[in-house]
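Trainee: To start, I am sharing the structure in question, which I have written as structure tokens.
The values are calculated or read from the model by the stated rules, or taken from the named source; none is laboratory data. Keep in mind that what you see is a predicted model, and the values were worked out from it rather than measured. Don't worry about glycine lacking a Cβ; one is built from the backbone with ideal geometry, like all the others, and counts go over all protein chains shown.
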Amino acid sequence: MFLSGLELMITAVALPSIVAHVSEELFGAPDWRVLRTASWIVNGYLLVYVLVMPLAGRLADIWGIGRTLSIGLGLFTIGSAIAGAAPSLEALVGARLVQAAGGGTLIPVATAAAALLYDGSRRSRALGVIGALTFLGMAAGPFVGAAILTGVHPEEALTAAGVAPDSLLWQLLTPAWRWIFYLNIPIGIAALAVAWALGPSFERPPRRGGIDLLGAAIVGVALGALLLGLSTIGAASAPSAPLLALAAAAAVAAVVVELRRADPFIDPRLFGSVQFAAAAAVSALTGYGFATAIIGGAVFVDRVLYGGPADQRLVLGALAAATAIGALAAGWVVRAFGPRLVASVGVVVGALALGVVAALAVPSSGGGTIAIAMATFGIGFGLAVTPRSVAAIEAVGRASYGVASSTVTVARMIGMAVGLAVLTAWGSTAIDRLSERVYATPDAWRQLVPPALRDRPLEDGLVVEALEGWAASEAASILGPIFAVGAIVTAFAIPPALALGGRARILRSGVAGPDDGAGEDDGGDRTEPSYAL
């Protein structure tokens with residue numbers, strides 16, 4: 001669980017370095033025109049992650065927790081190795097898909113393992129620790145990423161060892177961003193050893209039930225077409241309209257097919273509950289804002305503040321640490337104040353904080369100021385995490401808590417993926433427009449600097465400084481509206497947050513409320529949780 005949370009933030013920290021390296025090989029200099037393709041390093045991961053997560057719970061039912069956990073760890077470790085050694089951007093994106101297939105398995109199966117190994121109040125505490133570790137991993141991500149990017153110098157070590165720059169070993173070990181992925185290999189191997197050793201502890205009679213591969217495939221087509229269509233809006237000769245039409249058609253087909261299946265990939269019937277639908281909406285809308293904060297924050301530090309990994313560690317570390325604090329605090333206060341109030345406060349705080357970030361998105365802003373605003377958003381986002389999960393579980397009953405929790409988590413991931421796709425389309429379109437101005441003629445840059453500098457050569461220090469100032473200002477003008485839209489989308493979560501329950505009945509130890517699932521079609525309130533997380 002810690003590894004899963006770590007992966008999201010550590011990749012966000014490394015993304016500017018990856019873009020700079022890849023674009024330098026293509027264009028001879030760092031260039032963000034590769035953003036549409038590079039965005040799939042994160043969005044491809046989220047897409048496969050969403051599709052694998054519900055299936056992993058079913059596989060744990062059929063194959064057993066130990067075996068499924070080992071498969072997930074194996075895929076994650078292998079994908080990390082391939083990603084680190086990827087010779088091209090396309091290969092890196094493909095490796096991330098393999099990595100996501102493993103990563104999407106870890107959360108539901110690890111949660112199921114904790115639920116199996118513990119019971120009663122110990123189970124609640126175990127699940128609380130499991131959930132907290134994801135956010136703690138996210139909080140550690142910026143610090144670990146910055147430490148690798150600033151502290152690992154493979155070029156120096158290889159040069160000292162006499163390794164030639166054109167050798168295969170040089171290509172596999174440099175630059176430093178590759179070690180962002182190589183880091184997962186020893187951790188994954190160690191976790192595999194532990195999973196193998198504890199395998200007998202997870203054994204239980206297999207449950208009957210099918211795996212809805214058809215539903216997963218249709219949902220995958222819908223989500224993939226949606227993300228690809230959104231991310232290509234504004235691109236030359238982009239098939240965005242047909243892709244978005246395909247996404248809509250596939251979504252309708254998914255609802256029709258899933259309503260007819262006994263074990264659906266995502267059960268549309270759950271959304272018949274207003275409270276459950278509201279919880280999913282809060283999760284998706286705040287997920288959009290979360291993706292805007294993570295990726296937008298990393299790009300802002302790199303392109304507007306011209307900061308390095310240490311500055312990203314400050315901004316993204318503040319965001320992730322505050323999210324962890326907010327999520328942990330929500331677990332305490334939601335019992336006293338109920339999901340509706342806590343989630344509403346969290347959403348309002350998050351929306352206002354993103355609005356402040358939008359106003360501060362100027363080159364003169366300091367990293368510390370942005371970090372404070374990002375931390376405030378993280379507190380708000382974290383406060384909304386537990387209430388929406390609690391409300392979803394109450395809406396469908398305790399016996400189906402696994403399905404409810406996973407659906408809300410999937411909604412958050414979809415919201416994050418959509419947010420990244422919109423950010424990609426918006427940013428790439430603006431970058432293409434600016435590139436036309438910069439590269440229109442060999443001397444086009446002269447119109448971008450003060451008249452007093454136009455007779456100086458491009459290599460002149462004052463000219464370079466003026467062009468960097470112009471570029472930072474243009475980047476800020478792109479990112480400011482992106483943060484503003486993120487604030488607006490997050491604010492749209494206020495009405496569904498108000499539709500969540502006012503009291504958290506299931507958090508009262510030993511008390512079964514009327515919505516706890518007794519007497520439903522699944523045979524009543526089971527003591528064993530569903531593993532279809």
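Trainee: Could you list, in sequence order, the residues of the stretch 439-459 that are closer than 28 Å to Thr232 by Cα and either charged (D, E, K, R) or in a loop (DSSP other than H, G, I, E, B) (or both)?
Mentor: Tyr439, Ala440, Thr441
Trainee: Tally time: how many residues in the stretch 69-94 are in contact (Cβ under 8 Å) with a residue 60 or more places away in the chain and either in a helix (DSSP H, G or I) or touching a strand residue (DSSP E or B) at 6+ places or on another chain (Cβ under 9 Å) (or both)?
Mentor: Within the stretch 69-94, residues that are in contact (Cβ under 8 Å) with a residue 60 or more places away in the chain and either in a helix (DSSP H, G or I) or touching a strand residue (DSSP E or B) at 6+ places or on another chain (Cβ under 9 Å) (or both) number 13.
Trainee: Determine, yes or no, whether Glu436 is at pLDDT below 90, surrounded by fewer than 19 Cβ atoms within 10 Å (Cβ to Cβ) and either assigned to a helix (DSSP H, G or I) or not hydroxyl-bearing (Ser, Thr, Tyr) (or both). Break it down stepwise before answering.
Mentor: Numbers: at pLDDT below 90: yes; surrounded by fewer than 19 Cβ atoms within 10 Å (Cβ to Cβ): yes; either assigned to a helix (DSSP H, G or I) or not hydroxyl-bearing (Ser, Thr, Tyr) (or both): yes.
So Glu436 passes the test.
Trainee: Right, something else. Could you count how many residues in the stretch 1-35 are surrounded by 22 or more Cβ atoms within 10 Å (Cβ to Cβ) and charged (D, E, K, R)?
Mentor: The qualifying residues number 1.
Trainee: Quick one: how many residues across the stretch 472-498 are in a loop (DSSP other than H, G, I, E, B) and at pLDDT below 95? Can you show your working first?
Mentor: Start the filter on the stretch 472-498 by keeping residues that are in a loop (DSSP other than H, G, I, E, B), which leaves 492-493.
Still in the list and also at pLDDT below 95: none.
Residues flagged as in a loop (DSSP other than H, G, I, E, B) and at pLDDT below 95 within the stretch 472-498 amount to 0.
Trainee: Still on this structure, I have one more. Only one of these is among the β-branched types (Val, Ile, Thr), under 28 Å from Phe290 (Cβ atoms) and at pLDDT 90 or above: Ile130, Ile82, Ile107, Ile71. Name it.
Mentor: Going through Ile130, Ile82, Ile107, Ile71 in turn, the sole match is Ile82.
Trainee: If Val282 passes every condition in (1) in contact with a Ser or Thr (Cβ under 8 Å, 6 or more places away or on another chain); (2) modelled with pLDDT of 95 or more; (3) of a type outside the set (Gly, Ala, Ser) but one, which one does it miss?
Mentor: Only one criterion is unmet by Val282, namely (1).
Trainee: Just to check your reading of the model, which residue among Gly5, Gly84, Gly74 is within 25 Å of Ala113 (Cβ to Cβ), over 14 Å from the mean Cα position of the chain (by Cα) and not hydrophobic (A, V, I, L, M, F, W, C)? Reasoning before the result, please.
Mentor: Working: Gly5 fails: over 14 Å from the mean Cα position of the chain (by Cα); Gly84 fails: within 25 Å of Ala113 (Cβ to Cβ).
Being within 25 Å of Ala113 (Cβ to Cβ), over 14 Å from the mean Cα position of the chain (by Cα) and not hydrophobic (A, V, I, L, M, F, W, C) holds for just one of Gly5, Gly84, Gly74, which is Gly74.
Trainee: List pairs: first in the stretch 206-226 and more than 20 Å from Met416 (Cα to Cα) and at pLDDT 85 or above, second outside any helix (DSSP H, G or I) and of a type in the set (A, V, I, L, M, F, W, C), Cβ under 8 Å, 6+ apart or cross-chain?
Mentor: Asp212/Phe265; Gly215/Phe265; Gly215/Ile266
Trainee: Suppose we filter Phe135, Phe143 for residues that are among the hydrophobic types (A, V, I, L, M, F, W, C) and closer than 29 Å to Arg67 by Cβ; which single one remains?
Mentor: Working: Phe143 fails: closer than 29 Å to Arg67 by Cβ.
Matching residue, one of Phe135, Phe143: Phe135.
Trainee: Here is a list: Ala425, Ala392. Which entry is in contact with a helix residue (DSSP H, G or I) (Cβ under 6 Å, 6 or more places away or on another chain), over 23 Å from Pro108 (Cβ atoms) and assigned to a helix (DSSP H, G or I)? So that I can check it myself, show each step before the final result.
Mentor: Values: Ala392 fails: over 23 Å from Pro108 (Cβ atoms).
Only one candidate qualifies: Ala425.
Trainee: Also: Looking only at the stretch 336-345, how many residues end up being free of Cβ contacts under 8 Å to residues at least 60 places away in the same chain and crowded, with 24+ Cβ neighbours inside 10 Å?
Mentor: Keep residues of the stretch 336-345 that are free of Cβ contacts under 8 Å to residues at least 60 places away in the same chain, which gives 336-337, 342, 345.
Of the ones still in play, those that are also crowded, with 24+ Cβ neighbours inside 10 Å are 342.
Within the stretch 336-345, residues that are free of Cβ contacts under 8 Å to residues at least 60 places away in the same chain and crowded, with 24+ Cβ neighbours inside 10 Å number 1.
Trainee: Same structure, new question: Kindly evaluate Gly297 against the criterion of being part of a helix (DSSP H, G or I), closer than 22 Å to Arg36 by Cα and not hydrophobic (A, V, I, L, M, F, W, C).
Mentor: Values: part of a helix (DSSP H, G or I): yes; closer than 22 Å to Arg36 by Cα: yes; not hydrophobic (A, V, I, L, M, F, W, C): yes.
Answer is yes for this residue.
Trainee: Follow-up. Give the residue that is surrounded by the fewest Cβ atoms within 10 Å (Cβ to Cβ), with candidates limited to residues of the stretch 92-111 that are small (Gly, Ala, Ser) and farther than 15 Å from Val52 by Cα. Lay out the reasoning, then the answer.
Mentor: First, the residues of the stretch 92-111 that are small (Gly, Ala, Ser): 94-95, 100-104, 110.
Still in the list and also farther than 15 Å from Val52 by Cα: 94-95.
Working: Gly94: 17, Ala95: 23.
Only one residue tops the list, namely Gly94.
Trainee: On the basis of being in contact (Cβ under 8 Å) with a residue 40 or more places away in the chain and farther than 17 Å from Phe337 by Cα, does Pro387 make the cut? Full working, then the answer.
Mentor: Working: in contact (Cβ under 8 Å) with a residue 40 or more places away in the chain: yes; farther than 17 Å from Phe337 by Cα: no.
No: the conditions fail for Pro387.
Trainee: Confirm whether Phe181 is in contact with a helix residue (DSSP H, G or I) (Cβ under 8 Å, 6 or more places away or on another chain), crowded, with 18+ Cβ neighbours inside 10 Å and at pLDDT below 90.
Mentor: Working: in contact with a helix residue (DSSP H, G or I) (Cβ under 8 Å, 6 or more places away or on another chain): yes; crowded, with 18+ Cβ neighbours inside 10 Å: yes; at pLDDT below 90: no.
Against the criterion (in contact with a helix residue (DSSP H, G or I) (Cβ under 8 Å, 6 or more places away or on another chain), crowded, with 18+ Cβ neighbours inside 10 Å and at pLDDT below 90), Phe181 does not qualify.
Trainee: If you check Val348, Val333, Val418, which single one turns out to be on the phi < 0 side of the Ramachandran plot, at pLDDT 95 or above, surrounded by fewer than 21 Cβ atoms within 10 Å (Cβ to Cβ) and among the aliphatic types (A, V, I, L, M)?
Mentor: Val348 is the lone residue from the list that is on the phi < 0 side of the Ramachandran plot, at pLDDT 95 or above, surrounded by fewer than 21 Cβ atoms within 10 Å (Cβ to Cβ) and among the aliphatic types (A, V, I, L, M).
Every residue, every condition in (1) aromatic (Phe, Trp, Tyr); (2) under 19 Å from Leu192 (Cα atoms); (3) in contact with a helix residue (DSSP H, G or I) (Cβ under 7 Å, 6 or more places away or on another chain); (4) surrounded by 18 or more Cβ atoms within 10 Å (Cβ to Cβ), yes or no:
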residue: Phe76; (1), (2), (3), (4): yes, yes, yes, yes
residue: Glu90; (1), (2), (3), (4): no, no, no, no
residue: Thr134; (1), (2), (3), (4): no, yes, yes, yes
residue: Ile148; (1), (2), (3), (4): no, no, yes, yes
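Trainee: Only residues that are assigned to a helix (DSSP H, G or I), of a type outside the set (A, V, I, L, M, F, W, C) and over 15 Å from Gly355 (Cα atoms): list them for the stretch 260-294, please. Quick ask: steps written out before the conclusion?
Mentor: Our first condition is that a residue be assigned to a helix (DSSP H, G or I); within the stretch 260-294, this holds for 268-272, 274-294.
Applying the additional criterion that residues be of a type outside the set (A, V, I, L, M, F, W, C) yields 268-269, 272, 275, 283, 286-289, 292.
Residues satisfying the conditions are Pro268, Arg269, Gly272, Gln275, Ser283, Gly287.
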